[in-house]
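Take a look at the structure set out below.
The values are calculated or read from the model by the stated rules, or taken from the named source; none is laboratory data. From a predicted model like this one, the values you see are computed outputs, not experimental measurements. Cβ coordinates were reconstructed from backbone atoms using ideal geometry, including for glycine residues, and neighbour counts include every protein chain displayed. Side chains included, ligands, DNA and RNA excluded: accessible areas come from the protein's heavy atoms. Shrake-Rupley method; radii C 1.70, N 1.55, O 1.52, S 1.80 Å.
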Amino acid sequence: MESQFCSSFPRFLLLIILASILGCYSEAITGGGIATYWGQNTREGRLTAACATGKFQIINIGFLSTFGNGRPPQVNLTRHCSPVSNGCRNVSVGVLNCRNDGVKVMLSIGGPHGSYFLSSAAEAVDLADYIWNNFLGGHSTSLRPFGDVPLDGVDFRIERVEFSHYYAMVARRLHDYGRQSNRKVYLTAAPGCRFPDKYLTESLHTGLFDYVWVRFFDDRQCRYDSVNPSGFWWSWMRWTHSIPARKFYLGIPASEEAGDGYVAPEVLIKEVLPFVKRFTSYGGVMLFDLSNDVQTNYSSIISNRV
């Protein structure tokens, strides 16, 4: 272990020097919060209970995973509820309880599965209008899938490459809706760690995104590796320096089952957090997802160290 550390130390030092020159590194340790995803597994429990733990700053409800190609947008919350039969309106109770607990709740669009596709500017406008009127501050002509309590914003987890530049139009339109109504619409994104992300590059360069949780898993080039962490270091550097977002979160699996790139909590605390927390744009850790966190209790282990 000593030889590995010594061999990597000069490069680590170079990273710190470079980060200092770029103005994104601080001698002070920055504190952060924890974000996660909810909605894909019943073992994660109710939204209200998740927010009541006091461990999470932001929860993404995932996913709005059907839209485009003439199809009406549809939310998939697996076995939690069925929005088709208006069975998800009780989610608004959880959203309201989360708000009272100081937790922001986002609607996550896209996801690793589902059938979504934007092939024109008109479809982008239609999607933004649907989201605004059915999940945010607008008014729908039909029953809103989650009831009348508005969410705080929209999370972009796009993993389909076709015509991805239209998502920048969705982001701009949602931002404009919020500005016109004097209501803050938070925009967040979950790109893969390989820079640049081929699905969200144009969207992220709009400068409209508040939080970006970079997914440092399922990609051997940039996930964290204790033996050779340089790929991770350089990836984190590029994201935090190149994208004009308010804060960056370290996205990691909450269990070994959740993704290739799991980092044990003790390794995260000793090796990873001391590096990322010294960047002024550090925002915290994103755990994927709540159902896995329930099994490992990962958030509880790291909550006082994030």
Given labels modelled 7 Å from the Cα in the Cβ direction, how far is it in nm from residue 242 to residue 142? 4.0
Could you work out the Rg to Rh ratio of the chain, with Rh taken as the Kirkwood radius (inverse of the mean 1/r over all Cα pairs)? 0.97
Based on alpha-carbon centroids, what's the gap between segment 284-299 and segment 150-228 in Å, whole number please? 20
How big, on average over all directions, is the shadow cast by the Cα convex hull of segment 190-287, in nm²? 5.6
Rounded to one decimal in nm, the spacing of the 7 Å Cα→Cβ label points at residue 219 and residue 43 is 2.8
Multiplying the sequence separation of residue 100 and residue 295 by 0.36 nm and subtracting their Cα-Cα distance, what value in nm do you get? 67.6 nm
Spatially close lysines, pair count over the chain: Cα under 24 Å, gap of eight or more or interchain: 12
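Can you compute the FRET efficiency between residue 271 and residue 53 using 1/(1 + (r/R0)^6), with r the Cβ-Cβ distance and R0 = 35 Å? Round to the nearest 0.05.
0.85
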Between residue 117 and residue 66, the two model label points (7 Å from Cα along the beta-carbon direction) sit apart by a distance in nm of 1.5
What full-extension length gain, to one decimal in nm, is calculated for residue 206 and residue 130 as 0.36 nm per residue of separation minus the Cα-Cα distance? 25.2 nm
Cβ-Cβ cut-off under 14 Å around residue 139, Lys and Arg +1, Asp and Glu -1: the net charge is 0
Select from segment 247-306 those GluC sites (Glu not before Pro) which occupy a DSSP coil region and have at most 11 other Cβ atoms within 10 Å, ordered by residue number. 257
State the percent of C-alpha pairs, over all pairs in segment 141-214, separated by a distance greater than 16 angstrom. 52
At 1.4 Å probe size, with every protein chain present, just tell me what the per residue accessible area of the chain comes to in Å². 43
Scoring only Lys, Arg, Asp and Glu (+1, +1, -1, -1) among other residues with Cβ under 15 Å from the Cβ of residue 108 yields -2
Report, for the chain, the % of DSSP beta bridges that are antiparallel, rounded to 5. 10
